[in-house]
Amino acid sequence: PESADLRALSRQLCLSYHRHFPLTKSKAKAILSGKTHGNSPFVIHDMKSLTAGQYFINCRQLPVLERQRSVLPPEEPAEELELSVFRRIQFRSAEAVQEVTEFTKSIPGFTELDMNDQVILLKYGVIEVMTTMLAPLMNKDGTLFAYGQIFMTREFLKSLRKPFCEMMEPKFEFAAKFNLLELDDSDMALFFAVIILSGDRPGLVNVKPIEDLQETVLQALELQLKTIHPDCPQLFAKLLQKMTDLRQLVANHVRHIHLLKKQELQMCLHPLLQEIMRDLY
Amino acid sequence: LKEKHKILHRLLQNSTSPVEL
């Protein structure tokens, strides 16, 4: 494709990214660096602040669409702290799956692919995209949550009992390295599309059109990185290497969840997440 | 595959209506 076509594709994916993902990297950066003019997130650092934070999630003024989306699942009285945190994270994750799905459908050519292949690409790609999306929300001290209204400290997450305390640490470690690449939102949009359009996912029926689509997005990504980040000629190669790390990270995460399901009898896995993780790794 | 991934399938097919979570 001509570079004008590639730039048009980048613009289209960037617009879709901004339309479907409420907490972009630039917004997260502003919140994390305290540049939101007094509208700083509520910090959850212990059980008491977790209970108070719950109130903030329900009461903070949000645009109508976001307010509808952030309604929490019904409270279960006397629920164990760890299970309660896990349930909240799951609920937000299920919402994020919907956002990623809408973004995925906007990738030119995606909805013309075989329906079976669309399901497989989404099933395998969605957690990788969500993990990447988490990186800009994190710094060394914690992570934003609930559309940037909450900041949950890393120490609090580490203070949860085993095995819950082990779940977020690998994501913080990945985020620290990923954030060094200093991508912007438009780079992220293209990278997400590249992840989704991976032609080597197990069970795909018709690989060729997927690889063709991915090739075009890769060209658009390479062109964009060269244009926006001219001082970092290795950025494209470095970013593609992250895809290997992501697969390993997600595979470990899914194994962790399967183990949790066996060990934690009171833990319920969200049906949508259950569907995605079943027979995944 | 469709049977095992009913929600994903629905999310992919319905353009605007939110899935009951």
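None of the figures in this text is laboratory data; all of them are computed from the coordinates on show. Bear in mind that the values here come from a model prediction, so they are computed numbers and not experimental data. All Cβ positions, even for glycine, are placed from backbone atoms using ideal geometry, and neighbour counts span all protein chains on display.
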Practice prompt. For every helix of n ≥ 4 consecutive DSSP H residues, a contribution of -39,500 (n - 2.57) applies; sum these over chain A, divide by its total residues, and give [θ] at 222 nm rounded to the nearest 500 deg cm²/dmol.
Written response: -20500 deg cm²/dmol
Fill in: Relative contact order %, chain A, counting alpha carbon pairs below 8 Å whose residues are six or more apart
27
Worksheet, complete the sentence: Of A:Arg88, A:Arg161, A:Arg11, the most mobile residue in a GNM of chain A (C-alpha springs, cutoff 10 Å) is A:Arg161
Worksheet item: For peptide B:2-14, how many partner chain Cβ atoms fall within 10 Å of a residue's Cβ, on average?
Response: 6
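Which longest run of chain A has no exposed loop site in it, a site being GluC sites (Glu not before Pro) in a DSSP loop with at most 13 other beta carbons within 10 Å, and the site itself not part of the run? Intermediate values should be presented prior to the final figure.
Numbers: sites that count: A:Glu2, A:Glu75, A:Glu79, A:Glu182.
Segment A:80-181 is the longest.
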Worksheet item: If you take the charge dipole of the range A:222-262 about its Cα centre, with +1 on Lys and Arg Cβ and -1 on Asp and Glu Cβ, which of A:His253, A:Pro230, A:Gln241 is farthest toward its positive end?
Response: A:His253
Worksheet item: Which whole-number percent gives the relative contact order of the range A:138-278, counting Cα pairs below 8 Å spaced six or more residues apart?
Response: 16
Response to the item:
Highest mean packing first, using Cβ neighbours within 10 angstrom, the peptides A:120-127, A:38-45 sort as A:120-127, A:38-45
Response to the item:
Membrane-span-like helices (DSSP H runs, Cα span along own axis at least 20 Å, mean Kyte-Doolittle at least 0.0) in chain A -> A:115-134, A:207-228
Worksheet entry | Among A:Leu6, A:Met168, A:Thr24 the positive-end extreme of the charge dipole of the protein assembly as shown (Cβ point charges) | A:Met168
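Cα-Cα over 30 Å: which of A:Lys238/B:Lys6; A:Lys123/A:Lys261; A:Lys29/A:Lys226; A:Lys177/B:Lys2? Before the final figure, lay out the partial values.
Values: A:Lys238/B:Lys6 36 Å; A:Lys123/A:Lys261 19 Å; A:Lys29/A:Lys226 23 Å; A:Lys177/B:Lys2 37 Å.
Distance filter (> 30 Å) returns A:Lys238/B:Lys6; A:Lys177/B:Lys2.
Across peptide A:96-106, how many C-beta atoms of other chains are within 10 Å of each residue C-beta, on average? Let's see the in-between values first.
Details: counts 0, 5, 5, 0, 1, 7, 4, 0, 2, 5, 0.
Per residue, the number of nearby Cβ atoms from other chains is 3 on average.
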Worksheet item: Dipole magnitude of the protein assembly as shown about its Cα centre, charges +1 at Lys/Arg Cβ and -1 at Asp/Glu Cβ only, in debye to the nearest 20?
Response: 540
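Taking the Cα centre of the range A:206-277 as origin and charging only Cβ (+1 Lys, Arg; -1 Asp, Glu), how large is the dipole, in debye to the nearest 20? Can you show the working numbers first?
Working: 8 positive and 8 negative charges, 63 e Å.
Taking the Cα centre of the range A:206-277 as origin, the dipole is about 300 debye.
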Practice prompt. Would you mind telling me which residue in A:Ala96, A:Ala135, A:Ala52 has the biggest mean-square fluctuation in a Gaussian network model of chain A, where springs connect alpha carbons within a distance under 10 angstrom?
Written response: A:Ala52
Discussion item. Could you tell me which residue out of A:Gln274, A:Gly199, A:Ile210 lies farthest along the dipole of the range A:189-281 toward its positive end? Charges go on the beta carbon: Lys and Arg +1, Asp and Glu -1, centred on the Cα centre.
Written reply: A:Gln274
